[in-house]
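Visitor: Just passing along the structure, written as structure tokens.
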Amino acid sequence: MNTSTVMTRDVVVVSRTVTVGVAARMMQKLRIRHLPVVEEGRLVGILSDRDLLKRPPDTTCGEAMTAAPVTCLSNASVSQVAQLMLQHKIDSIPIVSYSGALTGLVTSTDLIALLVEPDRAQVLPFDFRLRTAASDSDALFD
């Protein structure tokens, strides 16, 4: 089974200039633990809920993010993604195209859902959507 089968396609992302305070409110409101950081559609880092604990609210996501995160292509197997998560002790893996464009996100929750909901392992009939906040002033969830 490929990651394209289980990945989240409706991924909320932020730019480097959004502050950690705004990112934290977004994550809390959406009940998510990871925010990919993108520039012009390309993945440049990832921000986790743990990153937020280490930084003051006025820090930018670019300063707080993990740069060059572990990634996979959508044709990687679910087993490969799970192995990478265990190896690196991380809870999410951004899925990127060959050009580095973000196409989805696989989280530990997505993988656990496969065990709980075996019928979930199907390709979803819609495309993903990236929702971007380029700055604090145009953030989606203040």
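Any read-out appearing in this document is the output of simple, stated calculations on the displayed coordinates, not a laboratory observation. Note that the coordinates shown come from a computational prediction; the quantities given were computed from them, not determined experimentally. Every residue, glycine among them, receives a Cβ derived from its backbone with ideal geometry; neighbour counts consider all protein chains shown.
Visitor: Based on the Cα gyration tensor of the range 3-135, what are the three equivalent ellipsoid semi-axes, each the root of five times an eigenvalue, rounded to whole Å and given largest first?
Guide: One finds semi-axes of 24, 15, 14 Å for the range 3-135.
Visitor: Follow-up. Taking 35 Å as R0, compute the FRET efficiency from the Cβ-Cβ separation of Leu84 and Arg25 and round it to 0.05.
Guide: Approximately 0.75, to the nearest 0.05.
Visitor: Sorting Arg42, Arg33 on the 10 Å Cβ count, fewest up front, what's the list? Kindly include the intermediate steps, with their values, before the conclusion.
Guide: Working: Arg42 12, Arg33 16.
Going from least to most buried by this count: Arg42, Arg33.
Visitor: Which whole-number percent gives the relative contact order of the range 3-135, counting Cα pairs below 8 Å spaced six or more residues apart?
Guide: Over the range 3-135, the number comes to 37 percent.
Visitor: If you don't mind, there's one more thing I want to ask. In whole Hz and in residue order, list the ³J(HN,Hα) couplings for the range 34-40 that follow from phi through the Karplus curve 6.51 cos²θ - 1.76 cosθ + 1.60, θ = phi - 60°; x for Gly and Pro.
Guide: Those phi angles translate into 9, 10, x, 10, 10, 9, 6 Hz.
Visitor: Then there is this: To the nearest 0.05, how large is the calculated FRET efficiency for Arg33 and Ser97 if R₀ is 22 Å and r is the Cβ-Cβ distance?
Guide: Numbers: r = 24 Å, r/R0 = 1.07.
Between Arg33 and Ser97 the formula returns 0.40.
Visitor: If you don't mind, there's one more thing I want to ask. Compute the length gained on full extension between Ile112 and Met1: take 0.36 nm times their separation in residues and subtract their Cα-Cα distance, giving the result in nm to one decimal.
Guide: Details: separation 111, 0.36 × 111 = 39.96 nm, distance 1.44 nm.
Once the chain is fully extended between Ile112 and Met1, it gains 38.5 nm.
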